[in-house]
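Enquirer: Once you've had a glance at the structure underneath, I'll fire off some questions.
The values are calculated or read from the model by the stated rules, or taken from the named source; none is laboratory data. Quick caveat, the model's predicted, so the values are computed rather than measured. Here the Cβ is made from the backbone with ideal geometry for all residues, glycine too, and neighbour counts use every protein chain on show. Areas reflect the complete protein model, heavy atoms only, side chains present, ligands, DNA and RNA absent. Shrake-Rupley method; radii C 1.70, N 1.55, O 1.52, S 1.80 Å.
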Amino acid sequence: MKSLKELYKIGRGPSSSHTMGPAKAAAMFARRHPEAEAFEVTLYGSLAATGKGHLTDVAVTDALSDGGKKRVEIVWKPEVFLPYHPNGIKFKAMDACGNASDEWTVYSTGGGTISEGPGSAIGEGPDVYGLNSIREIVDWCHENGRNYWEYAEQCEDSDFWDYMKTVWDAMKAAVERGIDTEGALPGPLKLSRKAATYYIKASGYKPNLQTRGMVFSYALAVSEENASGGVVVTAPTCGSSGVLPAVLYHISKGHNFSETRILHALATGGLFGNVVKQNASISGAEVGCQGEVGVACAMASAATCQLFGGTPTQVEYAAEMGLEHHLGMTCDPVCGLVQIPCIERNAFAAARALDANIYASYSDGNHRVSFDDVVQVMKETGHDLPSLYKETGEGGLAAVRENIQR
């Protein structure tokens, strides 16, 4: 597996697969062809189907146009799905006569990662983890009397904890900006921000009744920042970026855990997200929202269980439940925006992560279905879902967009 630095990426929303990934690829192609007079970009499948709502064309044009000096033509082909991944994109460099001098086909595979095909992750470092399943990592923990974050520490380089602190700082900043911002989100839905209202209302309850309201407000805050193009952390994606920060921010405020313990929890949650990224997918276009919000819930469940003293098997159980109970969740963004139902799903997944921790903590950690089993089932379920339920904006809630807009 790759470094957790490749999982936790800091960047602007609203979508890691539809905005961050294509922008990264476009910038690389622009550097490769400084002599080009113009560029033609063809978006395929999910990138084309929901690209306008996700601002894919804006991200790509900004990266290629050299401040507006070069013409960029976008070709939309939502009905064409390239073999490797639903998020296909082809770049062409054009000369002054309109002739193509070079072309490059690449895929945005989720979490801001781009690939040329199987086994390829462009611009990312080498594999640093020798163990690629949670079962193997749990065995390592038992054999060495250590925890998940200690395995991460062993595999990562010397500046790993500095980077994790940067990630945590970015997560906290997104929460705090979000709960202090009001107004409507950009786009045709004219959806009002809710985080500030939820935060104020939750503050009025007695402490023992505040938990859910506060967690909801923090998850809404980050998700609304993401939908507005603000700076967030992929955890594991932009569309699911509200879950883990909400849970950790709430716990850090309510229980006064040290920053060191929070960073350890981030590393633990990251390992579970990394295993899914390695063995299945975190792309909504490939496996539906179960691969985004479901995985985010698993990460938050694992992080929370570790913070509250869970054993490695209890932590694995919490993560397993966080993902299992999102199996089959479709990716059906209304108007191709990362707003409905994405934002509310982040809030509910954050609350579910807290429940998964409590449930696992009551147990002795023994359970029949492993996290790795659920990852495999999620992969199979995602591949069996029809394409209209995988970030194409054609099925599920996206199909009732006219009623929602009214």
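Enquirer: How far apart, in nanometres, would the label points at residue 69 and residue 359 be if each is projected 7 angstrom from Cα along the Cα-to-Cβ direction?
Expert: With each label placed 7 Å out from Cα toward Cβ, I get 5.7 nm.
Enquirer: Relative to the first principal axis of the alpha-carbon coordinates of the chain, what is the inclination of helix 160-178, with its axis defined by its Cα atoms, in degrees from 0 to 90 and to the nearest 10?
Expert: Relative to the chain, helix 160-178 is tipped by roughly 80 degrees.
Enquirer: For n ≥ 4 DSSP H runs only, could you compute -39500 (n - 2.57) per run for the chain, divide by its residues and tell me the 222 nm figure to the nearest 500?
Expert: About -15000 deg cm²/dmol.
Enquirer: To continue, here is another question. Quick check for you: with a 1.4 Å probe and neighbouring chains kept, what is the accessible area per residue of the chain, in Å²?
Expert: Per-residue accessible area for the chain comes out at 40 Å².
Enquirer: Stretched out fully, how many nm does the piece from residue 157 to residue 383 gain, at 0.36 nm a residue minus the Cα gap?
Expert: 77.9 nm
Enquirer: Over the chain, what is the percentage of antiparallel beta bridges among all DSSP beta bridges, to the nearest 5?
Expert: 70 percent
Enquirer: Next up: With +1 on each Lys and Arg Cβ and -1 on each Asp and Glu Cβ, and nothing else charged, work out how big the dipole of the range 87-150 is about its Cα centre, in Debye to the nearest 20.
Expert: 200 debye
Enquirer: Among 172/206; 52/201; 194/379; 70/172, which pairs are too far apart, with a Cα-Cα distance over 31 Å? Mind dumping the intermediate values first?
Expert: Details: 172/206 24 Å; 52/201 35 Å; 194/379 33 Å; 70/172 38 Å.
Where the Cα-Cα span goes over 31 Å, the pairs concerned are 52/201; 194/379; 70/172.
Enquirer: Using a 7 Å offset from the Cα along the Cα-to-Cβ direction at both residue 27 and residue 373, what is the distance between the two label points in nm, to one decimal?
Expert: Rounded to a tenth, the inter-label distance reads 4.3 nm.
Enquirer: What's the angle, to the nearest 10 degrees (0 to 90), between helix 134-144's Cα axis and the longest principal axis of the chain?
Expert: With both axes taken from Cα atoms, the answer is about 40 degrees.
Enquirer: For helix 21-32, what angle does its Cα long axis make with the longest principal axis of the chain, in degrees from 0 to 90 and rounded to 10?
Expert: With rounding to tens, the tilt is 50 degrees.
Enquirer: Could you give the distance between the Cα centres of the range 26-54 and the range 60-127, to the whole Å?
Expert: Centre-to-centre distance over Cα atoms comes out at 5 Å.
Enquirer: So, one more: Heavy atoms only, probe 1.4 Å: what % of the accessible area of the chain goes to carbon and sulfur, would you let me know? If you can, show how the numbers build up before the last one.
Expert: Working: 7980 of 16130 Å².
The C+S portion of the solvent-accessible surface of the chain is 49 percent.
Enquirer: How much net charge surrounds residue 126 when only other residues with a Cβ under 15 Å from its Cβ are counted (Lys, Arg +1; Asp, Glu -1)? It would help to have the intermediate numbers written out before the result.
Expert: Numbers: positive: 2, 5; negative: 6, 124, 127, 156, 157.
Its environment carries a net charge of -3.
Enquirer: So, one more: Taking the chain as a Gaussian network, Cα atoms linked when under 10 Å apart, which of 245, 333, 126 shows the biggest mean-square fluctuation?
Expert: Maximum among the listed residues: 126.
Enquirer: Can you compute the FRET efficiency between residue 165 and residue 142 using 1/(1 + (r/R0)^6), with r the Cβ-Cβ distance and R0 = 25 Å? Round to the nearest 0.05. Provide the component values of the computation, followed by the final result.
Expert: Numbers: r = 29 Å, r/R0 = 1.15.
Result of the calculation: an efficiency of 0.30.
Enquirer: What is the range 247-406's relative contact order, in percent, from Cα pairs under 8 angstrom and six or more apart in sequence? Walk me through the numbers before you get to the answer.
Expert: Numbers: 258 pairs, mean separation 47.1, N = 160.
In percent, rounded to a whole number, it is 29.
Enquirer: Could you calculate the FRET efficiency of residue 100 with residue 127 from 1/(1 + (r/R0)^6), where r is the beta carbon distance between them and R0 is 35 Å, rounded to 0.05?
Expert: 0.50
Enquirer: Another question, if that's okay. For the ranges 229-241, 165-177, 66-78, what's the packing order if you count other beta-carbon atoms within 10 Å of each residue, average per peptide, and put the highest first?
Expert: Output ranking for 229-241, 165-177, 66-78: 229-241, 165-177, 66-78.
Enquirer: Out of 271, 247, 284, whose Cα points farthest toward the positive end of the dipole of the chain (charges: +1 Lys, Arg; -1 Asp, Glu; placed on Cβ)?
Expert: 247
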